[in-house]
Amino acid sequence: MAAKKLYDSFSKSLLEEVQRWGSMKQTGVSLRYMLEFGSRFTDRNLILAAQFLHKELPIRIARRAIELQSLPYGLSQKPAILKVRDWYLDSFRDLRSFPDIKDKNDEQDFTKMINLIKVRHNNVVPTMALGVQQLKKDLDPKLDCKDLDDIHQFLDRFYMSRIGIRMLIGQHVAMHDPNPPPDRIGYIHAKMSPVEVARNASEDARSVCLREYGSAPEVNVYGDPDFTFPYVPNHLHLMVFELVKNSLRAVEERFMDSDKIAPPIRIIVADGLEDVTIKVSDEGGGIPRSGLPRIFTYLYSTAKNPLDEQADLGTADVATMAGYGFGLPISRLYARYFGGDLQIISMEGYEEDNSESFIAGTDAYLHLSRLGDSQEPLP
Ligand code: ADP
Ligand code: MG
């Protein structure tokens, strides 16, 4: 239990400091603000941004560290969760022991340090997933949804906060790129083409599907490829990748043993006044109504748990087709982070009929807010 031992070395005063910072007020940032601030970056601005992060990051990180210590059902004691908690405490300590940022040199050292923090936290999602899976095994399967609600709410807050922290760090680090690609302001692409991102994400999902099933249905993307708006391509890629993987799996499972040709998945990109909406439609048979309320929870998956076959997390392959039950809830958080949302509408049906006109399936609606004026959600 290396994680436990490490914890003993955290001093009492550090934990008191965590408590103190964890009760301070967080400050949100909007997409528009990041765009405007990032497009006039001078040394002075970089120092100001670093000073802001020096105060803001420990507040956000301390809140998560505190929550990680007080989870229900003994979740806090799971080795995987202890490991994550220690990453948060280490990062808090690194930030708090960094001296005041006064000049360009300090700013550069600070940037290196927060970049290392970002790397330290790279595997938080699969590690948390492992902890939650360990808990799932212990829990009485009859435990009702209300009991699990606490854990679900916690994970929603936890991952939302992580998205924000990584966005702030990533944005700051990227501003130091001496040759930024055109129209890039840190992580933000001022002229992102959603059609292009959807195509790339679909191809990535198809290759995972090919590897897993030996074949992959077609994915057709409809919409104007020249249409662009400011957004974070990484975020959109992740969301479409997860949605398309789900659709590919549904279609594969339904048509695997059939002599019919698997119907293509259709992605439609529509630009409205308020939202850019991306609809992912499949004819994979849909989701039973009894499962629908649970698809956005972190414990629900109808796929075999990939961790069962992997002895330790070091070998866990995050790009698996399905099985963690994290794809939908995490994608919805990414959408909400910038004021958007994700909805799933499904029509169930498996009947073997020959009429091509009526095939049941799932529609996922991904709404991305166009204006980016909404403040970061701050759990
Ligand atoms: P995972 O894919 O790891 O199981 P997700 O959060 O992505 O986790 O999806 C949760 C569950 O929702 C899936 O296991 C599946 O049962 C159901 N689901 C999601 N999308 C679809 C879809 N397009 N068609 C049928 N079922 C779906
Ligand atoms: Mg999935």
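The values are calculated or read from the model by the stated rules, or taken from the named source; none is laboratory data. The model shown is predicted, which means the values in this text are computed figures rather than measured ones. All Cβ positions, glycine included, derive from the backbone under ideal geometry; neighbour counts span all protein chains shown. SASA here: full protein model, heavy atoms, side chains in, ligands and nucleic acids out. Shrake-Rupley method; radii C 1.70, N 1.55, O 1.52, S 1.80 Å.
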query: Among all residue pairs at least 6 apart or on different chains, which show Cβ distances below 6 Å where the first residue, located in region 322-339, is in a loop (DSSP other than H, G, I, E, B) and the second is aliphatic (A, V, I, L, M) and more than 12 Å from ligand 1 (Cβ to nearest atom)?
result: F338/L31
- line: Contact list, first residue from region 72-84 and assigned to a helix (DSSP H, G or I), second anywhere and among the polar types (S, T, N, Q), beta-carbon distance below 7 Å, six or more apart or interchain, is S76/Q69; S76/S70; A80/T127; A80/Q134; K83/T127; V84/T127
message: Please go through region 118-140 and give me each residue that is in a helix (DSSP H, G or I) and exposed (fewer than 14 other Cβ atoms within 10 Å of the Cβ), ordered by number.
response: V119, K137, D138
- prompt: Does region 290-298 contain any residue that is among the polar types (S, T, N, Q) and either loosely packed, with under 15 Cβ neighbours inside 10 Å or more than 9 Å from ligand 1 (Cβ to nearest atom) (or both)?
  reply: yes
- prompt: Only one of these conditions is not met by I345: (1) open to solvent by less than 40 Å² (accessible area, probe 1.4 Å); (2) at pLDDT 90 or above; (3) among the aliphatic types (A, V, I, L, M). Which number is it?
  reply: (1)
- request: Select, from S202, S207, S193, S215, the only residue that is of a type in the set (S, T, N, Q) and within 20 Å of the chain's Cα centre (by Cα).
  value: S202
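Take K5 and decide whether it is assigned to a helix (DSSP H, G or I), surrounded by fewer than 16 Cβ atoms within 10 Å (Cβ to Cβ) and modelled with pLDDT of 95 or more.
Working: assigned to a helix (DSSP H, G or I): yes; surrounded by fewer than 16 Cβ atoms within 10 Å (Cβ to Cβ): yes; modelled with pLDDT of 95 or more: no.
Spelling it out, it is not the case that K5 is assigned to a helix (DSSP H, G or I), surrounded by fewer than 16 Cβ atoms within 10 Å (Cβ to Cβ) and modelled with pLDDT of 95 or more.
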query: Failed condition for L236, given (1) touching a residue at least 12 places away in the same chain (Cβ under 8 Å); (2) within 16 Å of ligand 1 (Cβ to nearest atom), with all others met?
result: (2)
message: Quick test of your reading of the structure: G314 fulfils all but one of (1) within 16 Å of ligand 2 (Cβ to nearest atom); (2) at pLDDT below 90; (3) part of a helix (DSSP H, G or I); (4) not aliphatic (A, V, I, L, M). Name the failing condition by number.
response: (1)
field: Options N115, N45; residue that is of a type outside the set (S, T, Y), at pLDDT below 95 and part of a helix (DSSP H, G or I)
entry: N45
task: Sort out which residues of region 243-272 are hydroxyl-bearing (S, T, Y) and over 19 Å from S207 (Cα atoms), and write them in order of number.
output: S258
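Only one of V244, V240, V276, V251 is more than 16 Å from ligand 2 (Cβ to nearest atom), assigned by the TED database to the domain that holds P329 and either acidic (D, E) or not in a loop (DSSP other than H, G, I, E, B) (or both). Can you tell me which? It would help to see each step written out before you state the result.
Values: V244 fails: more than 16 Å from ligand 2 (Cβ to nearest atom); V240 fails: more than 16 Å from ligand 2 (Cβ to nearest atom); V251 fails: more than 16 Å from ligand 2 (Cβ to nearest atom).
Answer to the check: V276.
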- request: Determine whether region 262-273 contains at least one residue that is open to solvent by less than 20 Å² (accessible area, probe 1.4 Å), of a type outside the set (A, V, I, L, M) and at pLDDT 90 or above.
  value: yes
message: For region 217-233, give me each residue that is at pLDDT below 95 and open to solvent by 30 Å² or more (accessible area, probe 1.4 Å).
response: P230
- prompt: What about S207, is it modelled with pLDDT of 95 or more and open to solvent by less than 20 Å² (accessible area, probe 1.4 Å)?
  reply: no
